[in-house]
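A.B. asks: Before I ask anything, here is the structure I am working with.
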Amino acid sequence: MSNRMPGSTPGFLVWRLANKWRVAVDRAVTPLGLTHAQYSLVASLHGMQRAGERPSQRRLADHTGLEALYVSKLARALESAGLIERTRDPRDPRAMQLTLTEQGQAVTRQAIAVVQELHQQLLEPLGGPDAQRTRVLTDELTTLLDAPLTPSVPNEPTRQGTRP
């Protein structure tokens, strides 16, 4: 499989890179009993807890970019594995707050170390995680992620030339 793909669109390349990284992270965290999606959840939760936050499932979904229903499913599986606790939010009985258990903290710290090592390897072609090229890539990706999308409606007839 060639790294150079002439004529490829940016969307295709982002999709390929995202899949490459997802598979690499999946393989790296599987020995710790995690999937890439579960890792994203526990690593985010770890960072939020270190900042003094006790997020709801909804807040964690917003933070990770995962669908709330998927976060709920992941959270239940992580709770069954003894890695997180889900408790009712005293301010909103419909919401569930998430915290890492001691076991969850230990597994998450190991997973973060493994993934940081993997990121070092994945970013080496740009000079590593702290390189200028990596910072530029991060800035460009952030710009794209921050840009709002206007959903298009397929096969919507245009109103051009019509009267109300």
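The values are calculated or read from the model by the stated rules, or taken from the named source; none is laboratory data. Owing to the predicted nature of the structure, the values given are computational and were not obtained by experimental measurement. Using ideal geometry, Cβ is built from the backbone for each residue, glycine included, and neighbour counts are taken over all protein chains shown. Ligands, DNA and RNA are excluded from the accessible area calculation, which covers all protein heavy atoms including side chains. Shrake-Rupley method; radii C 1.70, N 1.55, O 1.52, S 1.80 Å.
A.B. asks: Grab the beta carbon distance between Val136 and Ala51, set R0 = 25 Å, and tell me the FRET efficiency rounded to 0.05.
C.D. replies: Plugging the Cβ-Cβ distance into 1/(1 + (r/R0)^6) gives 0.40.
A.B. asks: Next up: With the other protein chains left in place, how much accessible area per residue, in square angstrom, belongs to the range 12-81 at a 1.4 angstrom probe?
C.D. replies: 58
A.B. asks: Net charge near Met96, counting Lys/Arg +1 and Asp/Glu -1 over other residues with Cβ under 9 Å of its Cβ?
C.D. replies: That sum, taken over residues with Cβ under 9 Å, equals +3.
A.B. asks: Based on the mean of other Cβ atoms within 10 Å per residue, sort peptides 83-96, 104-117 so the most packed one is first.
C.D. replies: The peptides rank, most packed first, as 104-117, 83-96.
A.B. asks: For Cα pairs less than 8 Å apart in space and 6+ apart in sequence, what is the mean separation divided by the residue count of the chain, i.e. the relative contact order in percent?
C.D. replies: 18
A.B. asks: Moving to a separate point now. Tally up the carbon and sulfur contribution to the accessible surface of the range 1-145 as a whole percent, 1.4 Å probe, everything protein left in place.
C.D. replies: 54
A.B. asks: Taking the Cα-to-Cβ direction at Thr30 and at Arg16 and moving 7 Å from each Cα, how far apart do the two end points lie in nm?
C.D. replies: 2.3
A.B. asks: Could you work out the helix-only [θ] at 222 nm for the chain, with each DSSP H run of four or more residues adding -39,500 (n - 2.57) and the total divided by the number of residues, to the nearest 500 deg cm²/dmol?
C.D. replies: Taken over the chain, the calculation gives -18500 deg cm²/dmol.
A.B. asks: When P(r) over Cα pairs in 5 Å bins from 0, in percent is calculated directly from the model, which label among (i) 1, 7, 12, 15, 15, 12, 8, 5, 4, 4, 3, 3, 3, 2, 2, 1, 1, 0; (ii) 1, 7, 13, 16, 17, 13, 11, 8, 5, 3, 2, 1, 0, 0; (iii) 2, 9, 19, 23, 23, 15, 7, 2, 0 fits?
C.D. replies: The listed entry that was calculated here is (ii).
A.B. asks: What is the local net charge at Leu78, summed over the other residues whose Cβ is closer than 11 Å to its Cβ (Lys, Arg +1; Asp, Glu -1)?
C.D. replies: Summing Lys/Arg as +1 and Asp/Glu as -1 gives +1.
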